[in-house]
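The values are calculated or read from the model by the stated rules, or taken from the named source; none is laboratory data. Remember, predicted model here, so these are calculated numbers, not experimental data. In this analysis, Cβ positions are derived from the backbone assuming ideal geometry, glycine residues included, and neighbour counts consider all displayed protein chains.
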Amino acid sequence: MAYLRVLTAVLVCSCMPLRAEVITVAVAANFQQPAREIVEVFAAHTGHRVVLSSASTGKHYAQIINGAPFDLFLAADRRRPEMLEQQGFDHAPRLTYAVGRLVLWSPDADQTAEGRLRSGQFDYLAIANPRTAPYGTAAREALDNLGLWQSVRDRLVTGESVTQALQFALSGNAQLALVARSQVGLLDPAGSRWLVSESLHQPIEQQAIALNGSPTTLALLRFLRSEESRTIISRHGYDPGPADTVLVDPVAPDENRP
């Protein structure tokens, strides 16, 4: 029995890193909650600690190209990771970790959100900034394709991020908000929501890119494709992308590093 206890202890210790590390992740505002859950699981597996910084994708991109010391970037689009890759951040292939959906939400459950938008029965509509936030870009594209952009543009309340756009509606400063489906799934009261057709905007393909070649950074990047991560991503209302086969080794510190 004593032998088995010692053997178990050895096996557990062999799965943990020789030195726990801290890595910093820039995460799109819409993905903040699932990212928290994913890094908690990653930390439990590895002993590494992950610090999340949440903001709009455009703001994070500007910080990164100006030298912000992030290790991994979880963007809300594919354009900024592509641009970073072209600038030399090519430590690993870009990874689509989630595909998002745009939803129109109203705190008022007595009227349909879609009906209020089409009829113009609202004072203000909140969206994220189309210049810096991918969900804001998708919102503008959808409004354009619905033929409503010109009629609503003077009634827009623009948030720095999709999270701020939702806050405008939650606080009563806007009657409608075009935000991420993942944000409204657990709202209480549920209000009224309309899932915007994907035909009305470009796909919201959220990509991750490693900003350095640290083994721990690359391990977390791979972990995004693990079954545990995919389950979390799905639960929050995202499509986790194709179930490709990825060898996930979340315990990845370099034993030869000083």
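Here residue 99 does not fit the description of being on the phi < 0 side of the Ramachandran plot and crowded, with 18+ Cβ neighbours inside 10 Å.
Hey, could you check segment 1-51 for residues that are in contact with a strand residue (DSSP E or B) (Cβ under 7 Å, 6 or more places away or on another chain) and surrounded by fewer than 16 Cβ atoms within 10 Å (Cβ to Cβ) and say which is modelled with the lowest pLDDT? First the steps, then the outcome.
Within segment 1-51, the subset in contact with a strand residue (DSSP E or B) (Cβ under 7 Å, 6 or more places away or on another chain) is 20, 22-32, 35-36, 39, 42-43, 48-51.
Remaining after also requiring surrounded by fewer than 16 Cβ atoms within 10 Å (Cβ to Cβ): 20, 22, 36, 43, 49, 51.
Numbers: 20: 86, 22: 96, 36: 97, 43: 97, 49: 96, 51: 98.
Per the criteria, the residue is 20.
Working only within segment 134-155, note down all residues that are surrounded by fewer than 19 Cβ atoms within 10 Å (Cβ to Cβ), in contact with a Leu (Cβ under 8 Å, 6 or more places away or on another chain) and in contact (Cβ under 8 Å) with a residue 12 or more places away in the chain. Of everything in segment 134-155, those that are surrounded by fewer than 19 Cβ atoms within 10 Å (Cβ to Cβ), in contact with a Leu (Cβ under 8 Å, 6 or more places away or on another chain) and in contact (Cβ under 8 Å) with a residue 12 or more places away in the chain turn out to be 141, 145, 146, 148, 152, 155. Taking segment 66-133 as the region of interest, the strands (runs of 3 or more DSSP E) fully inside it that hold 2 or more residues being in contact (Cβ under 8 Å) with a residue 12 or more places away in the chain and hydroxyl-bearing (Ser, Thr, Tyr) are 95-100.
Would you call residue 132 within 30 Å of residue 211 (Cβ to Cβ), under 16 Å from the mean Cα position of the chain (by Cα), modelled with pLDDT of 95 or more and not assigned by TED's automatic domain parsing to the domain that holds residue 82? So residue 132 fails the test. Scanning segment 48-65 for residues that are within 18 Å of residue 159 (Cα to Cα) and part of a strand (DSSP E or B) turns up 53, 54, 55.
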